[in-house]
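Undergrad: Sharing a structure, written as structure tokens. Questions coming.
The values are calculated or read from the model by the stated rules, or taken from the named source; none is laboratory data. Note that the structure is a prediction, hence the values are computed from the model and not measured. Cβ placement follows ideal geometry from the backbone for every residue including glycine, while neighbour counts extend to all protein chains displayed. To get the accessible areas, we keep the full protein, side chains included, count just its heavy atoms, and leave off ligands, DNA and RNA. Shrake-Rupley method; radii C 1.70, N 1.55, O 1.52, S 1.80 Å.
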Amino acid sequence: MLTVYKASAGSGKTFQLVFEYILLLMENPYNYKHILAVTFTNKATNEMKSRILEQLHLLASYKTSQYLPVIQKKLALSEEIIRKKARLVLKNILHDYKRFSINTIDTFTQRVIKAFNREMGISPYFTLELDSSLVLDEAVDSLLSKIDNDKKLLKW
């Protein structure tokens, strides 16, 4: 299942994403291993991870959570069952934190490229540069280094 949310700042995206993520965890306490959550920025990634863990902690420790009523309504589960599941999910995530994956788009893309570097004909030691001025400088340097051997480039 692929779900894409597009909304402006302050419209409740993070609330909705955390809600959907927790719903999937309530269905199966090991679902965190199989969920791909992708955001645009490191800040959004950290906020989402923090909020998921915070809400699971609140639910597991019988504290007030704004997510409890909406989870109860959506899943038709008792408060006690939700809180027990939250405790189990939280324990699972904390004992297997590396599998709790919420990434930025660029981190996800790099993982895919590294996983298929041979098939794509890319060196396994590739590096990704996000500094556009550095990339531009290197492109100009490369162009200038070829100028002696390329008559058309020299004329241009």
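Undergrad: Considering only DSSP states other than H, G, I, E and B, which trypsin sites (Lys or Arg not before Pro) in region 75-156 qualify as loop sites with at most 14 other Cβ atoms within 10 Å?
TA: Numbers: sites: 83, 84, 85, 87, 91, 98, 99, 111, 114, 118, 146, 151, 152, 155; in loops: 146.
Listed in order of number, the matching sites are 146.
Undergrad: Only helical DSSP H runs with n ≥ 4 go in: add -39500 (n - 2.57) per run for the chain, normalise by residue count and round the 222 nm mean residue ellipticity to 500 deg cm²/dmol.
TA: Working: 8 runs with 93 residues, N = 156.
Counting only the DSSP helices, I get -18500 deg cm²/dmol.
Undergrad: Return the tail of the calculated pair distribution for the chain, meaning the percent of Cα-Cα pairs more than 22 Å apart. Write out the running numbers ahead of the final one.
TA: On the way: 6868 of 12090 pairs.
Tail of the P(r) past 22 Å holds 57 percent of the pairs.
Undergrad: Using alpha carbons only, how many degrees (0 to 90, rounded to 10) separate the axis of helix 132-145 from the longest principal axis of the chain?
TA: Roughly 20 degrees, rounded to the nearest 10.
Undergrad: Could you work out the local net charge near residue 156, counting Lys and Arg as +1, Asp and Glu as -1, over the other residues with Cβ closer than 14 Å to its Cβ? Present the calculation step by step, with values, prior to reporting the outcome.
TA: Values: positive: 146, 151, 152, 155; negative: 148, 150.
It works out to a net charge of +2.
Undergrad: Using a Gaussian network model of the chain whose springs link C-alpha atoms within less than 10 Å, name the residue from 140, 18, 89 with the highest mean-square fluctuation.
TA: 140
Undergrad: Considering only the other residues whose Cβ falls under 11 Å of the Cβ of residue 54, what net charge follows from Lys and Arg at +1 and Asp and Glu at -1?
TA: +2
Undergrad: Apply the Karplus curve 6.51 cos²θ - 1.76 cosθ + 1.60, θ = phi - 60°, to the phi angles in region 33-49 and return the couplings in whole Hz, x for Gly and Pro.
TA: Couplings: 6, 10, 9, 9, 10, 10, 10, 8, 10, 4, 4, 5, 4, 5, 5, 5, 4 Hz.
Undergrad: Here's a follow-up. So with the 1.4 Å probe, I'd like the accessible area per residue for the chain, rounded to whole Å². Spell out each step's value before the answer.
TA: Numbers: 11180 Å² over 156 residues.
Result: 72 Å² of accessible area for each residue.
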